[in-house]
């Protein structure tokens, strides 16, 4: 199974010059926990709800702060044909739960640890059904 099969392609993006307030409002409206930061179609960063929350500890007044102030620049990415186990390994190595998907240097989507776990759970369900159908013990 590849990232292409499970990645969300309806993604929320922002410009590095947008204010945190604007992006937080968009994140709430879209019910997402992160925003990919782009320069046109090119990925330049990612900002998560956690990063924003933690940044308020140092600077409680976020009214003049921008996405560029708190985003992670040059995030770890995957290509659509990356296998999900390799994606999990990259998440583990980078200590992240979300990986932007990039194809031909353009933002193509995002894959999260939640996406991977749901896909694996579905595969396990299918395996269980096969076992139950073929084994008299079950």
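In the condition set (1) surrounded by fewer than 16 Cβ atoms within 10 Å (Cβ to Cβ); (2) touching a helix residue (DSSP H, G or I) at 6+ places or on another chain (Cβ under 7 Å); (3) over 17 Å from residue 2 (Cβ atoms), residue 20 is compliant with all but (1).
Here's the yes/no breakdown for (1) touching a strand residue (DSSP E or B) at 6+ places or on another chain (Cβ under 9 Å); (2) surrounded by 12 or more Cβ atoms within 10 Å (Cβ to Cβ); (3) at pLDDT 95 or above:
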position	(1), (2), (3)
90	yes, yes, yes
94	no, yes, yes
100	yes, yes, yes
109	yes, yes, yes
119	no, yes, no
132	no, no, no
138	no, no, no
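Residues in region 1-15 that are assigned to a loop (DSSP other than H, G, I, E, B), touching a helix residue (DSSP H, G or I) at 6+ places or on another chain (Cβ under 8 Å) and over 17 Å from residue 72 (Cα atoms) were compared, and the one that is modelled with the highest pLDDT is 7.
The residues on offer are 70, 76, and the sole one that is under 16 Å from residue 14 (Cα atoms), surrounded by 12 or more Cβ atoms within 10 Å (Cβ to Cβ), touching a strand residue (DSSP E or B) at 6+ places or on another chain (Cβ under 9 Å) and in contact (Cβ under 8 Å) with a residue 12 or more places away in the chain is 70.
Quick one: residue 128 ticks every box in (1) part of a helix (DSSP H, G or I); (2) loosely packed, with under 11 Cβ neighbours inside 10 Å except a single one, so which number is it? That leaves (2) as the condition not met.
Of all residues in region 16-63, those being assigned to a strand (DSSP E or B) and under 20 Å from residue 110 (Cα atoms) number 13.
The values are calculated or read from the model by the stated rules, or taken from the named source; none is laboratory data. All values reported here derive from a predicted model rather than from experimental measurement. Every residue, glycine among them, receives a Cβ derived from its backbone with ideal geometry; neighbour counts consider all protein chains shown.
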